[in-house]
Amino acid sequence: MENPPEQAEMKENQPSSHGRTKGGLITMPFIIANEAFEKVSSYGLLPNMIMYLMRDYGFGLARGTNVLYMWSAATNFLPLLGAFLSDSYLGRFLTIAFASLSSFMGMLLLWLTAMLPQVKPPPCNNPTGVCKSPTASQLALLYSAFALISIGSGGIRPCSLAFGADQLDKKENPKNERVLESFFGWYYASSAVSVLIALTGIVYIQDHLGWRLGFGIPAILMLLALLFFVLASPLYVKRNASKSLFTGFLQVIVAAYMNRSLSLPDHDDSFDCYYHLKDSDLKAPTEKLRFLNKACVIRSREEEIGSDGFALNPWRLCTTDQVEELKALIKVIPIWSTGIMMSINTSQNSFQLIQANSMDRRLSQSSSFQIPGGSFGLFTIIALAMWVVLYDRAILPLASKIRGRPVRFSVKLRMGLGLFVSFLAMATSAIVEGLRRKKAISQGYADNAHAVVDISAMWLVPQYVLHGLAEALTAIGQTEFFYTEFPKSMSSIAASLFGLGMAVASLLASVILRAVNDVTSRNGGESWVSDNFNKGHYDYYCWLLAILSFVNVIYYIICSWAYGPAVDQLRNGRVNGVKEEEELHDIAGKCLEGKEDKLN
């Protein structure tokens with residue numbers, strides 16, 4: 001049974017066993033350390049994972065990539081489940097604690113696969129030259145490690161930021177907003193530093209010191225993240241679980257179906273026929289998707305509404321706010337779906353890693369230092385961050401100065417431009433791969449999949465930069481679009497929708513890859529995504545994704561037109577002051593926070 005708000009508030013403000021009020025700045029190092037160590041660990045595992053699967057488990061390129069797609073899909077989907085469990089049952093502290101333990105156990109299992117030779121197939125360089133496939137038990141151990149890491153991510157990511165805000169959100173404090181702003185800044189800064197450390201330090205260790213140390217360090221960091229977080233348990237404010245929005249959506253669907261035989265009231269006399277809370281501004285639902293309105297039709301006030309004003313059975317009678325929240329979600333689904341293709345494009349990191357490893361990764365001809373193949377993703381993050389800064393501090397002020405009035409590009413325009421840039425990124429990838437493959441064949445490396453072609457890997461930088469620009473426009477644009485179009489009560493849904501899109505994109509990317517591999521390898525032909533990049537045609541595969549991306553741009557134009565004007569368009573292009581700028585920074589931070597999923 002849920003505690004009343006008054007009791008929950010009293011519990012939160014009770015002194016700890018040490019005689020001090022719970023929460024506050026003293027808890028920040030523990031929460032931020034937990035999040036930072038988790039990110040360094042997970043970021044550090046992903047970039048080189050395709051090489052580990054191919055070299056140590058004998059996976060082909062297509063099979064290994066499909067496994068990583070499934071892992072990415074699970075990692076992006078489980079935060080929705082984690083948010084539901086946190087909101088409805090466990091609360092944020094227990095969810096983060098159990099998730100941290102799960103992540104550590106997963107990384108420990110993965111480290112054991114590198115430490116113990118008997119838990120993976122013997123190396124292929126044996127005297128017989130025969131490569132053994134992994135057994136069912138060996139695969140089960142590997143997949144269990146992946147599953148536990150995904151479960152951990154699903155619990156930590158949707159709860160960590162909100163749990164930190166719980167410790168500082170003291171509405172009676174006149175400096176409350178400034179304290180929260182400072183926390184968000186430190187939180188996003190730690191995320192950015194985590195990305196840099198993972199994509200440089202951890203990846204470098206894996207490349208030069210091997211998998212044992214490369215997997216062991218993330219496991220140790222995850223153990224520290226767990227210990228730091230749990231040891232500070234007496235200091236935390238721990239809010240009680242409450243009803244989740246997901247439960248509310250399901251209640252509307254069930255109530256609308258149960259009341260399907262009811263007739264909707266006429267618009268003129270509908271004011272008292274729909275159930276709404278006293279403090280709600282929405283007395284009657286809108287006319288769009290009218291079949292859902294039956295979920296909030298009152299049949300008998302005496303039988304359906306208690307003396308406290310709440311519905312006796314929320315599965316038969318819902319509020320007008322609940323109905324409109326579900327409508328808002330349904331309405332944005334077409335535009336949400338347009339971002340899936342961009343996520344498919346940015347999920348090609350397994351191919352890009354092998355591509356980079358087959359090229360000259362030195363900074364210059366005279367330099368001996370080589371950029372690790374898994375570190376090229378930094379160019380995407382740098383491009384994304386630079387766009388956010390330039391857009392906010394240079395592009396908008398310059399455009400406003402030229403026009404003589406405040407200028408702001410609409411969120412729908414930015415999303416569309418981002419999708420077009422994503423098409424350009426895949427076209428660039430196809431052109432560069434065509435040049436690389438042609439060079440490899442001319443140098444006699446057609447049958448040597450591990451040869452380093454005499455062509456600079458810096459040719460890959462433009463496509464990474466374009467991917468970063470596409471994400472800055474579309475990913476941040478979509479998140480901003482959801483925040484502005486949804487009611488305030490749906491802010492958590494707005495934050496999780498883009499991650500859900502990446503989960504769907506990983507599944508679809510796996511389907512596309514499998515279809516391309518099956519179709520192009522028929523009748524003994526060489527697959528476009530062959531294990532030997534020089535014999536295959538990865539450039540054709542990129543052109544296929546580029547064509548699908550261009551079709552997706554047209555699809556977006558249709559969806560955008562059908563949606564009608566967005567909230568920011570209804571403002572007639574007016575800049576909404578400092579508050580909008582701060583919201584843009586928060587949205588950019590959320591996008592940077594989710595970069596780990598993009599690098600899978």
task = Mind jotting down the distance between the C-alpha centroids of segment 443-492 and segment 390-423, whole Å?
result = 20 Å
message = I want to make sure I understand the PRE zone here: with the label point 7 angstrom from the Cα of Ile305 toward its beta carbon, which residues in segment 271-287 have backbone N atoms less than 18 Å away?
response = 271-286
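Mind ranking 310-319, 364-373 by how tightly packed they are, going by the mean number of other C-beta atoms within 10 angstrom, highest first?
On the way: 310-319: 18.0, 364-373: 13.2.
Per-residue mean Cβ counts within 10 Å order the peptides as 310-319, 364-373.
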query = Between segment 218-243 and segment 248-263, how many Å separate their Cα centres?
reply = 39 Å
request  = Report the FRET efficiency, 1/(1 + (r/R0)^6), for Val461 and Asp281, where r is their Cβ-Cβ distance and R0 is 41 Å, rounded to 0.05.
outcome  = 0.20
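By average Cβ neighbour count within 10 Å, what is the ranking of 471-482, 93-104, 247-258 from highest down? Before the final figure, lay out each step's value.
Details: 471-482: 26.4, 93-104: 23.2, 247-258: 17.8.
Going by the mean number of other Cβ atoms within 10 Å, highest first, we get 471-482, 93-104, 247-258.
Determine the gain in length on full extension of the stretch Ala136-Phe369; use 0.36 nm per residue of separation and subtract their C-alpha separation, reporting nm with one decimal.
Details: separation 233, 0.36 × 233 = 83.88 nm, distance 4.02 nm.
Once the chain is fully extended between Ala136 and Phe369, it gains 79.9 nm.
Given the pairs Lys39/Lys331; Lys294/Lys331; Lys283/Lys331; Lys39/Lys412; Lys294/Lys412, which span a C-alpha to C-alpha distance of over 27 angstrom in this model?
Correct reply: Lys39/Lys331; Lys39/Lys412; Lys294/Lys412.
Quick note: the coordinates plus some simple rules give every number you see, no bench work behind them. Since this is a predicted model, take the numbers as computed values, not measurements. When we count neighbours, we look across all protein chains shown, and the Cβ atoms used for this are built from the backbone with ideal geometry, even at glycine.
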